[in-house]
Amino acid sequence: MKANISCPVCSSDESAQIAHHVFSSEGKNERTNLLNKLYRDHFSPAGEVAVKECENCGFIWTDPRLSQEDLKLKYRLISDFDLSSRKGRPPHLPERRARTVALSQQLLTNKTNARILDYGGAEGYLLSPLIDRGHSGYVIDYIDYPKEDDRITYLGNDLQAGPVLEEPFDLIFALHTLEHVSDPVSVLKELATLLRPDGKLYVEVPLGAWLEWAFLREPLTHINFFSEQSFAAVAQEAGLHVHHIDSVWQYVTHLRKTACINMVVGKTPPAASVSPLTTRQQKQAFSQGLTPLMIHPRFYLKNMVKYTTSGPV
Ligand SMILES: [Zn+2]
């Protein structure tokens, strides 16, 4: 754990503190209470977190910066709770599968027998319909969850565990993973080493630059808050090319849709360059138009008004 570090994405020393939180209150849900207690017991007795924004690449992160070892300790301490509270299939799985199958078919350009890795893929829910289409599916995840079906191959709990890979992958998913890791650039670089020269990496994160960092409930789950600008910067720092990036309200694992950034990267340049939205644009309280007010009016209206009138700092 380190304080006052340079930007974890681009290494710039130019950053501003944009929020400060103290995680000491109780009475929220059980998992939030547990994480807040773990944070105070192991990382900061006062439960304090600053939120910083890089003035160069627009990346937003929590400080003190948790190291990969800190996060491994957290996963060790929370995994029993998470495993025991798993409640079967997440809601809206058919919609999510329809989206990832269509995207995969487009990225695999009619390839058959493709090798697909889901990094952070948990039970492998997104792989089964692709295996039905003749592809093979692999998962790397910190917990070896019971798999959706026995055709999914579990390769281990992290990239450092180094599964011996006999051949690279045609397509790699990393969905809702990079907002949790200490060094997102290194993770993308390591995933790229597992990718074929013409393969594609599909990465998806919450649009954390919009409000989330200002209304953080606990300090141990999300430590990175991306905009399209800073997410594209991660890919560029990892030596990869952005083929597609956009921000969409879609289903993840919750009942309601959430704002996500979807990005496709590869080892070769795209036919046409893409233009990510900036952190400055996406940080605006009303950057999402009316969509959040249709999805969860009370929650978002309260936060948007609070953010606009008093600010989070
Ligand atoms: Zn930066």
Strands (runs of 3 or more DSSP E) completely within the range 5-109 that count 1 or more residues being away from the ligand (no atom under 16 Å from the Cβ): 15-22, 48-54
Across the range 216-241, the tally of residues that are away from the ligand (no atom under 16 Å from the Cβ) and β-branched (V, I, T) stands at 1
So which helices (runs of 4 or more DSSP H) stay within the range 260-313 end to end and still have 3 or more residues that are exposed (fewer than 12 other Cβ atoms within 10 Å of the Cβ) and free of Cβ contacts under 8 Å to residues at least 40 places away in the same chain? 297-309
Filter result (part of a helix (DSSP H, G or I) and surrounded by fewer than 21 Cβ atoms within 10 Å (Cβ to Cβ)) within the range 186-198: S186, K189, E190, A192, T193
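Out of everything in the range 160-173 that is in contact with a Leu (Cβ under 7 Å, 6 or more places away or on another chain) and assigned to a loop (DSSP other than H, G, I, E, B), what residue ends up being modelled with the lowest pLDDT?
Filtering first and then ranking leaves P163.
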With surrounded by fewer than 18 Cβ atoms within 10 Å (Cβ to Cβ) and of a type in the set (V, I, T) as the only criterion, which of T62, T112, T100 stands out? T112
Being within 14 Å of D170 (Cβ to Cβ) and among the hydroxyl-bearing types (S, T, Y) is the filter here; which residues of the range 79-118 pass it? S104, T109, T112
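Answer yes or no as to whether L201 is assigned to a strand (DSSP E or B), at pLDDT 95 or above and not assigned by TED's automatic domain parsing to the domain that holds C57.
Against the criterion (assigned to a strand (DSSP E or B), at pLDDT 95 or above and not assigned by TED's automatic domain parsing to the domain that holds C57), L201 qualifies.
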Given (1) under 24 Å from I78 (Cα atoms); (2) more than 21 Å from the chain's Cα centre (by Cα); (3) surrounded by fewer than 20 Cβ atoms within 10 Å (Cβ to Cβ), Y145 misses just (2)
Looking at the range 11-24, can you tell me whether even one residue there is crowded, with 18+ Cβ neighbours inside 10 Å, over 19 Å from the mean Cα position of the chain (by Cα) and over 30 Å from A238 (Cα atoms)? yes
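The values are calculated or read from the model by the stated rules, or taken from the named source; none is laboratory data. Predicted model only: the values in this text are computed from it and were never measured. Glycine also receives a Cβ, built like all others from the backbone with ideal geometry; neighbour counts cover every protein chain displayed.
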